[in-house]
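Here is the structure we will look at, set down as structure tokens.
The values are calculated or read from the model by the stated rules, or taken from the named source; none is laboratory data. Quick caveat: nothing in here was measured; it's all calculated off a predicted structure. Every residue, glycine among them, receives a Cβ derived from its backbone with ideal geometry; neighbour counts consider all protein chains shown.
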Amino acid sequence: MAEETLRFETEVGKILQIVANSLYSEKQVFLRELISNAADACDRLRYLALTDSSLTKDDPEFRITLTADKAARTLTVADNGVGMNREALVQDLGTIARSGSGAFLEQLSGDARKDVALIGQFGVGFYSAFMVADRVEVLSRRAGEDQAWRWVSDGKGEFTVAEAEKPARGTAITLHLAADEDEYLEPARLRHIVSTYSNHIPVPIVIKEGGKIDTINAASALWTRARGDIEDEEYAAFYRHVGHAFDAPWMTVHWRAEGTIEYTGLLFIPERRPLDIFSPEREHAVKLYVRRVFVTDKCEGLVPPWLRFLRGLIDSEDLPLNVSREMLQHNPMLTRIRNAIVTRVLGELEKKAEADPDSYAGFWEQFGAVMKEGVYEDAEHRERLLKLARFRSTAGEDVTSLAAYIGRMKPGQEAIYFITGEEIERLQKSPQLEGFRARGVEVLLLTDPVDDFWLSQVTEFEGKPFKSATRAGADLSAIEKTGKAEGEDADKAEAETPPGVDALVAMIRLELGEAVKDVRVSERLTDSPVCLVSDEGDIDIHLERLLRQHKRFEDAVARVLEVNPTHPLIAALAGQAGRKGGGANVADAAWLLLDQARILGGEPPPDPTAFTKRLSAVMTRAMSG
């Protein structure tokens, strides 16, 4: 087959631009990434050989080999793992064949240092080779196949693929080093990088120096050692290998279970969430080993979806090595391991939340939206998850637990009030919160899409019901009577309804007809003239909006229009309601007030043309006296 020239997809091209122009201070991590990929290739072939020993019969001992050629100015990282055929080379090195690539591009900041870290976070570390090389060759032959293939690129938009000769299976990546990267030709420098970043790799890493071959890593399974014998930096290095990450782990959970089932768990929680964590195709990244042999990184039942940010591995002593993925999903041992993982991780998070609230708040900012999926779908662990949950609220900038919220509830307050929406700033300005703020009643500000859904499953916490601040039944009168009113706004809220308001409400109700479910005098408003709320039993306003965006809800639900009787505009309209000729003003005002309430709630007027005509008519009458 003749040499074929192909172009990188857009996302890969963007990555290559970043690494080629990067001044990243730790360029040596390219070697860690290539070694990590080589180790994965060996792990995968070791597992395939369990059912087809012919794949490794000619060369049963796995290894990764580093060869520096000073004359040619090349560094080669070779393995005798599973290898790649043409399809794999094109798919794995020419495209990002995974979800979230669009999210990756959206996160790019233009700061090369930060963007290189994002590349590692996104899990495409192969391209870091172009930080030190101006040309990269990949020679690979897949185990069990005779044909080898060569992939070549200078990282400037295109790559070539052609048939090649290779006497044995595996992959050899040859870096033609850039002019100022001679340090990576020195064996001492390579040894230092391996000892710093890759000593934990459970595959021997050997270096060729002339005719001498020397193993330069420990080549043992880190997780089999006692926790007290492992340094933090060793854990961090292993986390970067197993998670293909550039950051440090926020938390490390390492334990050994003995008894009816025996296994070792080494799990990490990253500092930052992966870019594609909310993609529907997103899977967890916990690998399953059986007696130190890699089995799969796609064991669906090993980790619940709401812990999919975990990195690391589980090494079982009891599962059969030749078990299929389908059999794994129904294996009772796996169910017990899964339950133990959840219990262990939640326990460690509870300790962290108690011992270091600030650090835990940072964790929740990154992964809280994922954890709350567990509140929705995992009834068994719901109570523990609710205790771990943290929320923004009207009480200040710091996040709060539900227990702390309950401790601050006002005399006479019986519910945990919340409001859902897209943005904290918009929620804080919502007119629906005015009455709560006037009485000093704290409201949780919920902006994750999952909030609307878990709240549909959870009715209360520690005996206190959850209640939406956007519902017509959010009765503040009990708090108002037994609690101490705060400030002038509360005095306004307690003022008597001006004369004519009841008649005005009736006129607005008649004018708007079926456009609203009802028109009522509001107890919650202190500054705004109107707002829209959900009636008791109706779907919440924000949840309806979410469902309609995803085509899961069609017919709009009529809302209740609440009117602030103390607002000057409402008082003025009430004065006109009984006058001769006042009906026209009230009619236009009714529709304008409804559109104003929609705008304040984050929705555009359904008929902008009618809105502008009415607004112009009202302004014209006002200007003409």
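Filtered by the rule that a residue be crowded, with 16+ Cβ neighbours inside 10 Å and either out of contact with any Lys or Arg (no Cβ under 9 Å at 6 or more places or on another chain) or modelled with pLDDT under 65 (or both), the range 471-484 gives 471, 480, 483. Taken together, 285, 248, 237 contain a single residue that is of a type in the set (Gly, Ala, Ser) and in contact with a Gly (Cβ under 8 Å, 6 or more places away or on another chain), which is 285. Residues satisfying the criterion are present in the range 180-188 (criterion: modelled with pLDDT of 95 or more and crowded, with 22+ Cβ neighbours inside 10 Å). Scanning the range 421-457 for residues that are among the basic types (Lys, Arg), closer than 18 Å to residue 472 by Cα and surrounded by fewer than 22 Cβ atoms within 10 Å (Cβ to Cβ) yields a count of 1.
Out of curiosity, is residue 562 assigned to a loop (DSSP other than H, G, I, E, B) and either at pLDDT below 85 or under 30 Å from residue 620 (Cα atoms) (or both)? So residue 562 does not fit the description; no.
Hey, among the residues in the range 210-239 that are in contact (Cβ under 8 Å) with a residue 60 or more places away in the chain and not aliphatic (A, V, I, L, M), which one's farthest from residue 40 (Cα to Cα)? Ranking the qualifying residues of the range 210-239, first place goes to 224. Condition first: among the hydrophobic types (A, V, I, L, M, F, W, C), assigned to a strand (DSSP E or B), more than 30 Å from residue 432 (Cβ to Cβ) and over 20 Å from the mean Cα position of the chain (by Cα). Can you find one or more residues in the range 301-314 that meet it? Looking through the range 301-314, at least one residue is among the hydrophobic types (A, V, I, L, M, F, W, C), assigned to a strand (DSSP E or B), more than 30 Å from residue 432 (Cβ to Cβ) and over 20 Å from the mean Cα position of the chain (by Cα). Residues that are modelled with pLDDT of 85 or more, over 29 Å from residue 425 (Cβ atoms) and assigned to a loop (DSSP other than H, G, I, E, B) occur in the range 485-504; there is at least one.
Pairs are defined by a Cβ separation below 9 Å, a sequence spacing of at least 6 or placement on different chains, a first member in the range 602-625 that is over 16 Å from residue 590 (Cβ atoms) and touching a residue at least 12 places away in the same chain (Cβ under 8 Å), and a second member that is among the hydrophobic types (A, V, I, L, M, F, W, C) and not in a helix (DSSP H, G or I); the pairs so defined are 603/532. Scanning the range 55-66 for residues that are closer than 21 Å to residue 198 by Cβ and crowded, with 18+ Cβ neighbours inside 10 Å turns up 62, 63, 64, 65, 66.
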